[in-house]
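Everything below concerns the one structure shown next.
The values are calculated or read from the model by the stated rules, or taken from the named source; none is laboratory data. Computed from a predicted model, the values in this text were never measured in an experiment. Ideal geometry is used to build each Cβ from the backbone, glycine not excepted, and the neighbour counts take in all protein chains shown.
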Amino acid sequence: MTDRAKISLRPETLAASIGVAADTAFGAVAPPLYLTSTYEFARYDQARQYDYGRAGNPNRDLLAEALTALEGGAGAVITSSGMAALDLLIGRLRPNDLVLAPHDCYGGTMRLLKARAWQGHCSVRFVDQSNETEISEALDDAPALVLIETPSNPLMRIVDIAAIVTKAKEVGAAIAVDNTFLSPALQQPLALGADYVVHSTTKYLNGHSDVIGGAVVAADPGEAQELRHWANVVGTAGAPFDSWLTLRGLRTLFPRLQTQQANAMAVATYLAEHPAVTAVHYPGLSSHLGHAIAARQQRGFGAMMSFELTGGVEAVRRFIANVQCFTLAESLGGVESLVAHPATMTHADMGADARSIAGINDSLLRLSIGLEAEADLISGLEHGLATLSNAT
C-alpha cells in the first residue's frame, strides 16, 4: 500500500483503497495482474520475495491483506473455493480430533465433514448450537474445533458467537466462524473471540457471481503462517486472476450491502404479510428468534432470507415457474437476486433425515437479494405468489 496505510482508515476506505496506486514499476492506479507461475531468482541460492506461484503471488497476497484488515485478523490465506478454505482447517486435524458443527449448516459443509470423518481424518458431531444444554454436553467431550455458522444456511438461525467462544475455550477448543452470509462489513467474529473466520469469497466479497474462491483469516500470526504453509503443502491456493477479480469486487462491498439490506428488509416485510407464506426467516424482523442477538453482534441483518409456502412442493413449483426478477440458481451474494430450493439444490446431499432434523422442509425457498429496484423485486414476488392465491 501507499502512505495511506500508515493512518487509521475506516473499513469502507480500506476496502476501496488497499493496493490502489501501489505499483512501483509504472504507477498503475489499479493493482497489476501477475499471471506468472514462476519467478526469476536474483542469483544462485537467492530467491526474491516470490519464487513459485503455488507458494505466493502478489494478487493473492493483496487480497489476503485486504481481508485481514477488514476482519481484524493477523493474516489470511486465499484458497480456490470456500470448501477448500474450510478443508484447509479440517485437513490439519488428527484422527482423534472432534469437530462440533451446526446441525443446520450448509449442505456442502456437512458433506465435507462427513467425508473427512468417514475417511478417519477426524470425528464430527452435529449439534443445535442455539440449545445451551446440547452444546454444553457436546463440549464436555473436549472438541478440537467448533465450527459456527451464523446466520445459518438456509434457515438464518442466529447463535451467540461470544457465548460459544467462552464455553469452547474453557475446554481448549479452537473456534472457526463461517462469515460468508454477512462478510466483515456486517460481522467480525474475531473481535468476538473466534480464532478463525472462513469465507466463500465467491459470494458477497466478490459480489458478481463470476469467481469461485475462499479464504481463511486467523487471529493469531503463528496460526496464519501455519495455514499459509499448509496451503502450499496441499496446493489449495487461489488463482491470481480470481484474486484480482475478487479484490475488484471487494471495492464495492459496503455500498452493495447497504442497498441489498434495504431491499431485503422490504422483501421480508412484504413476505411476512402475505397469506400464501407461512414463515419468513430473516433476522431483521423483530419476530425472528435471533433478532436481539443479531442486533448485538452484527452491524446489519444482511440480504439473505428464506421463507415457507403453503401448499407444499406443488406450490413451490408454481411459484418458481412464475416468479420474476429472481433467477433460479444456487450461490448467493451477487448483484442479481436469486431463488433456490434448498431441499433439491444446495442441501440435497444432506439427505431427507438430516434435512428434517435441521428443519429444512420441501416448502422452504431461499432468497439472495440483489441490487434491483425494491418495487421490481416485490412485483416479481407478487407475480409468483399470485399463482398460489389464484390456485383452485
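Descriptive notes on the structure:
- Selection status of A262, assigned by TED's automatic domain parsing to the domain that holds Q297, in contact with a strand residue (DSSP E or B) (Cβ under 8 Å, 6 or more places away or on another chain) and hydrophobic (A, V, I, L, M, F, W, C): no
- Options G351, G312, G290, G333; residue that is out of contact with any Phe, Trp or Tyr (no Cβ under 7 Å at 6 or more places or on another chain) and over 22 Å from A101 (Cα atoms): G312
- Just one of the numbered conditions (1) outside any strand (DSSP E or B); (2) closer than 30 Å to A115 by Cβ; (3) not charged (D, E, K, R) is not true of T24: (2).
- Failed condition for R157, given (1) closer than 30 Å to H341 by Cβ; (2) more than 12 Å from the chain's Cα centre (by Cα); (3) in a strand (DSSP E or B): (3)
The rows are residues; the columns are (1) charged (D, E, K, R); (2) surrounded by fewer than 20 Cβ atoms within 10 Å (Cβ to Cβ); (3) in the same structural domain as N232 (by TED's automatic domain parsing).
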site	(1), (2), (3)
L33	no, yes, yes
L63	no, no, yes
L67	no, no, yes
E71	yes, no, yes
S80	no, yes, yes
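- Boolean, A194 is among the small types (G, A, S), out of contact with any Gly (no Cβ under 6 Å at 6 or more places or on another chain) and either surrounded by 24 or more Cβ atoms within 10 Å (Cβ to Cβ) or farther than 27 Å from N59 by Cα (or both): yes
- So A231, is it in contact with a helix residue (DSSP H, G or I) (Cβ under 7 Å, 6 or more places away or on another chain), under 26 Å from Y39 (Cα atoms) and aliphatic (A, V, I, L, M): yes
- Selected residue [out of contact with any helix residue (DSSP H, G or I) (no Cβ under 9 Å at 6 or more places or on another chain) and at pLDDT 95 or above] from A85, A25, A76: A85
- Note on region 362-376: residues that are of a type in the set (G, A, S) and part of a strand (DSSP E or B) amount to 1.
- Elements of type strands (runs of 3 or more DSSP E) contained in region 259-361, each with 1 or more residues being of a type in the set (A, V, I, L, M, F, W, C), more than 19 Å from the chain's Cα centre (by Cα) and buried (at least 21 other Cβ atoms within 10 Å of the Cβ): 277-281, 304-309
- From the list V171, V159, V177, the lone residue that is free of Cβ contacts under 8 Å to residues at least 60 places away in the same chain and surrounded by 17 or more Cβ atoms within 10 Å (Cβ to Cβ) is V177.
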